[in-house]
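The values are calculated or read from the model by the stated rules, or taken from the named source; none is laboratory data. All figures in this text were calculated on a predicted structure; none of them were measured in a lab. Here the Cβ positions follow ideal geometry from the backbone for every residue, glycine too, while neighbour counts run over all protein chains shown.
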Amino acid sequence: MTAIARATRAELARTFSVRSWWLLALVLFGYVAFTAAILALFVSDLGALMGGTPVALDSAASAMLVYTTVTSIGYLFPVLIGALAATTELRHRTITPTLLAEPRRGIVLAGKAIALALVGALYGLVGLAASVGTGAAVIAATGGDPALDDPNVISVLARIVLAMTLWAVIGVGLGSVVGNQVIVIVIVLAFTQFVEPILRLVGGLWEGTAQFARFLPGAATDALVGGGLYASLGALDPTMPSATTLLDWWQGGLVLAGFAAVLLAVGSLTSWRRDVT
Amino acid sequence: MHGPTITIEHLTKSFGEVLAVSDLSFTVEPGRVTGFLGPNGAGKTTTLRALLGLVAPSAGAALIDGRRYRELERPLAMVGASLEPTVFHPGRSGRDHLLVQAIAGGIARDRVDAVLERVGLADAARRRVGGYSLGMRQRLGLASALLGDPGALVLDEPVNGLDPEGIRWIRGLLGELAAEGRTVLVSSHLLSEVQQTVTDVVVIAHGRLVHQGPLESLGGGAQVIVDSPQRDRLASALEAHASVHPDPRGLLVTGITAAELGHLAFSQGIELSQLATVNEGLETVFLGLVGDDTAAVAS
């Protein structure tokens, strides 16, 4: 077995031998299931009955809006588990035994990135179970079409898993750069819940800034997945240019992979090389 | 089993302005238990961490059979180390910690239960480390060190936190490991902690080597505490025959036995109010070496 495969298996064992992975997965499931159900109600005829304006989305588009809650609100979870994987080692000083077993730090970090990509994919599946599980049920119950036989919808579901995978690797990269667990959690929460949404809203107001705003990680995620909350808002409101300026799905994927690669490279050249005292 | 030789060659390490280790050189041979001694802050841990590839030397090298730690094929099978009892995730069980190490180090999984058995931790192995006592963490650290059945063991203050029964047990274990031909390097800030176990000593202070050799080379030998109503007269009478230091209990005399001293005092007509042999001689020599005279007197 190669060194990287060994490091990957060890990292998986590390992740699954403490509780944080399933606690985060549980919260992810609940949060996405709840949001998807609410959203499914709003895009259904029921939403119109309750006094809303009729939503001009076809059944596949409204189903996708519901299913993509996994990434539009849930990408926080893979990035957190990834950041925790990198920073727990310093917080609990387990970096010492880790480096005693595999002293080549680049291999340890590569193993972490690969292992957490798998965990991210698992989170993608958990998220889909929540969004499709409750969303499709609510859509069907309110007389809509869950559109699960639509090949476009199927490909969106697959790309959701890919997006969650990439976000977990971004988390590892971020953790390897920042090092401190508390600081990295604050950065993740502040950026995903506050800074990026504002940047996207403000950036989307003008054509010039929209060119940059679409390279924001959240916008790239929407591009990769093929629509999301913000993009769909744009579709509902033609004065919002952001929908039209989204990247192609593969470009969105490359942007996310680029963020992950740059963070990992910076981390492995800086914090990750420090003396372990 | 023939353990590797550990060589520290002109090792220097500074953290910013602080010089932790300065041009330190010594050798650790297989089949012996080597005590790595010095007061807290002398640079012992930094030296061990440099040996294990955790800290990059500013100059010099720390080698295992001529190779750096990171160049070893399967390091856990070559060198087993236990550095501090605080390097475990509190939410992970002791057994899972060892399983992770086994996977990461390419060690067969059946070694996990074997080492848990050997350190007497089998019953607590499935509990989370957060609930372990300091002594149990020391045992888990030792289990990690033994996991790869390594030819060399590097243990930093392994006696800390162990109860008397645990201390006796670890002394026996270290002796066994060395008798099997392994290289055993044990650090301590107290010579008395490892005095009964070690065959060789390396003493450092302020990051520099102050002594290396077999335990006996520290000297020590008979030390006598003596006092007299005519203490000054006694001191000047003894100075011709032995080295005399003032001590809170009277005079601390080395290089002469209690019987010889009693005879000397009798022949000169000096009355003695106290005469006793003390066996802390090595510790006093050690503390003298590391330049901590106040502690020597206090002990």
Is at least one residue of the range B:24-44 within 10 Å of chain A (Cβ to nearest Cβ) and either under 23 Å from A:Arg6 (Cβ atoms) or surrounded by fewer than 21 Cβ atoms within 10 Å (Cβ to Cβ) (or both)? no
How many residues does the range B:75-90 hold that are under 13 Å from B:Leu52 (Cα atoms) and within 9 Å of chain A (Cβ to nearest Cβ)? 6
So, in the range A:8-27, how many residues would count as being within 9 Å of another protein chain (Cβ to nearest Cβ), aliphatic (A, V, I, L, M) and assigned to a helix (DSSP H, G or I)? 3
Note: among A:Leu90, A:Leu65, just one is modelled with pLDDT under 95 and within 14 Å of another protein chain (Cβ to nearest Cβ), namely A:Leu90
Which residue pairs have Cβ atoms closer than 6 Å, lie 6 or more positions apart in sequence or on different chains, and pair a first residue in the range B:39-62 that is within 17 Å of B:His206 (Cβ to Cβ) with a second residue that is buried (at least 21 other Cβ atoms within 10 Å of the Cβ) and small (Gly, Ala, Ser)? B:Gly43/B:Ala20; B:Gly43/B:Gly207; B:Lys44/B:Gly38; B:Lys44/B:Ser187; B:Thr46/B:Ala20; B:Ala50/B:Ala62
Quick check on this structure: which one of A:Arg214, A:Arg159 is modelled with pLDDT of 90 or more and of a type in the set (D, E, K, R)? A:Arg159
Residues that are on the phi < 0 side of the Ramachandran plot and surrounded by fewer than 21 Cβ atoms within 10 Å (Cβ to Cβ), drawn from the range A:163-181: A:Asn180, A:Gln181
So for the range B:255-268 (the condition being more than 27 Å from B:Thr199 (Cα to Cα) and either at pLDDT below 85 or in a loop (DSSP other than H, G, I, E, B) (or both)), does at least one residue qualify? yes
Hits in the range A:91-115 - residues which are under 17 Å from A:Leu12 (Cα atoms), among the β-branched types (Val, Ile, Thr) and assigned to a helix (DSSP H, G or I): A:Ile95, A:Thr98, A:Ile107, A:Val108, A:Ile114
Got at least one residue in the range B:48-62 being within 21 Å of B:Leu209 (Cβ to Cβ), more than 12 Å from chain A (Cβ to nearest Cβ) and buried (at least 19 other Cβ atoms within 10 Å of the Cβ)? yes
Residue count for the range A:26-39, restricted to those that are crowded, with 21+ Cβ neighbours inside 10 Å and under 19 Å from A:Gln181 (Cβ atoms): 0
Which residue, of B:Lys13, B:Lys44, is more than 16 Å from A:Leu99 (Cβ to Cβ) and out of contact with any helix residue (DSSP H, G or I) (no Cβ under 9 Å at 6 or more places or on another chain)? B:Lys44
Do we have any residue at all in the range A:159-170 that's in a helix (DSSP H, G or I), touching a residue at least 60 places away in the same chain (Cβ under 8 Å) and over 12 Å from the mean Cα position of the chain (by Cα)? no
Output the number of residues of the range B:117-150 satisfying the condition of being closer than 17 Å to B:Arg182 by Cβ and not in a helix (DSSP H, G or I). 5
If you check A:Pro103 against the conditions, is it within 14 Å of another protein chain (Cβ to nearest Cβ), buried (at least 20 other Cβ atoms within 10 Å of the Cβ) and not aromatic (Phe, Trp, Tyr)? no
Quick check on the range B:1-10: of everything there that is under 19 Å from the mean Cα position of the chain (by Cα) and without any contact (Cβ under 8 Å) to a residue 60 or more places away in the chain, which residue is surrounded by the most Cβ atoms within 10 Å (Cβ to Cβ)? B:Ile8
In the range B:91-107, residue surrounded by the fewest Cβ atoms within 10 Å (Cβ to Cβ) [restricted to those that are within 7 Å of another protein chain (Cβ to nearest Cβ) and of a type in the set (Val, Ile, Thr)]: B:Ile103
Which pairs have Cβ atoms under 6 Å, sit 6 or more apart or on different chains, and link a residue in the range B:130-141 that is at pLDDT 95 or above to one that is surrounded by fewer than 21 Cβ atoms within 10 Å (Cβ to Cβ)? B:Gly130/B:Pro90
Does at least one position in the range B:212-235 carry a residue that is within 16 Å of B:Leu48 (Cβ to Cβ), touching a residue at least 24 places away in the same chain (Cβ under 8 Å) and touching a helix residue (DSSP H, G or I) at 6+ places or on another chain (Cβ under 7 Å)? no
